[in-house]
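Just below is one structure, and these are the notes that go with it.
The values are calculated or read from the model by the stated rules, or taken from the named source; none is laboratory data. Remember, it's a predicted structure, so these values are computed and weren't measured experimentally. For neighbour counting, all protein chains shown are included, and Cβ atoms are generated from backbone atoms with ideal geometry for every residue, glycine included. Note: areas computed on protein heavy atoms with side chains; ligands, DNA, RNA excluded. Shrake-Rupley method; radii C 1.70, N 1.55, O 1.52, S 1.80 Å.
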Amino acid sequence: MSTAPVPFSARLRAASQGAHAAAEGQHYVTALVAGHVDLAGYVDLVVQHHALYQALESAAEAMRDDPLAGPFVDDALTRLPALEADLTHLVGPDWARRSAPHAATLAYADRIRAVATTSPERFVAHHYTRYLGDLSGGRHIGRAVARRYGLSAQAGAAFYAFDRITRPKAYKDAYRARLDALPLDPAAEAALLEEVLLAYRHNTAVFAALARHVPDAVADADAGATEAVATEAVA
């Protein structure tokens, strides 16, 4: 009895699950969602996002007419205007002069610029890693920061509001269907997966840089809980 082939999107998700979990499990992320990071620590995240989406959305413009990558370019996903509005609200109109991305963020943005305008499959890898995350766990983070800092989709947390995507689950299902329909040979599939894993490693490095905003007591407690879970798993 033959079995149906596993869709590419499912294989991609399974192969990157560990790297994805490592990024989401960073101290900064757990502390931010739990309300243990002050407003300056949240603003620092917005600054990093701006640098990353500036690189990614510039690449999207370059790839808009590409046969393979073009179908993923959707103005409903564009985040840069929302990020600039958030920074204006949080920092002021001179936010660009008063803030700067971390070295880990610059390395991530440089990688996007290096590959995402010349390799359609590597562009899709970065697009998938960021936007599907925004429409999934990113929405949970958005609700948490809005509560913690008294923000809204109109003031300070616009990045997390996709006004033109009214049914996120249906949108993500259609996105995965596009992934499954990609005409990729084995080498292109391998390149896309390799780039997804690299993107998650870059993202983890950005969160590690942001961990300076996590109070020591919170970081120590988080580390202790992680160690206890690991010990229990080994036992």
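A few remarks follow.
- Remark: segment 15-68 carries a charge dipole of roughly 160 debye about the Cα centre, counting +1 on each Lys and Arg Cβ and -1 on each Asp and Glu Cβ.
- For segment 110-219, the solvent-accessible area with a 1.4 angstrom probe is 47 square angstrom per residue.
- Rg/Rh for segment 1-101 stands at 1.09; both radii use Cα atoms, and Rh follows the Kirkwood definition.
- Contour minus Cα-Cα distance for Ala34 and Ala85 (0.36 nm per residue): 15.9 nm
- Distance between the pseudo-spin-label points of Ala161 and Ala177 (7 Å out from Cα toward the beta carbon): 2.9 nm.
- Placing a pseudo-label 7 Å from each Cα along the Cα-to-Cβ vector at Leu106 and His140 gives an inter-label distance of 3.3 nm.
- Cα-centred dipole magnitude for the chain, charges only on beta-carbon of K, R (+1) and D, E (-1), debye, nearest 20: 420
- Kyte-Doolittle at least -0.5, axis length at least 24 Å by Cα - qualifying DSSP helices, the chain: 39-63, 186-210, 216-234
- Using the Cβ-Cβ distance between Ala62 and Glu194 with R0 set to 30 Å, the FRET efficiency works out to roughly 0.90.
- Using C-alpha pairs below 8 Å separated by at least 6 residues, the relative contact order for segment 75-161 is 38 percent.
- Ordering of 47-57, 152-162 by packing [mean C-beta count within 10 Å, highest first]: 47-57, 152-162
- Accessible area in square angstrom per residue, segment 53-102, 1.4 angstrom probe: 48
- Relative contact order (%) - criterion: Cα under 8 Å, at least six apart; region: the chain: 36
- Relative contact order of segment 14-151, defined on C-alpha pairs under 8 angstrom at six or more residues apart (%): 33
- If R0 is taken as 41 Å, the Cβ-Cβ distance between Arg98 and Asp74 corresponds to a FRET efficiency of 0.80.
- Portion, in percent, of the accessible area of the chain that falls on carbon or sulfur, probe 1.4 Å: 56
- Packing-based ranking, highest mean first, of 170-179, 132-141 given that Cβ atoms within 10 Å are counted: 132-141, 170-179
- Scaled against 2.2 N^0.38 Å for its residue count N, the alpha carbon radius of gyration of the chain is 1.05.
- Its alpha carbons give segment 157-214 an Rg and a Dmax of 16.1, 44 Å.
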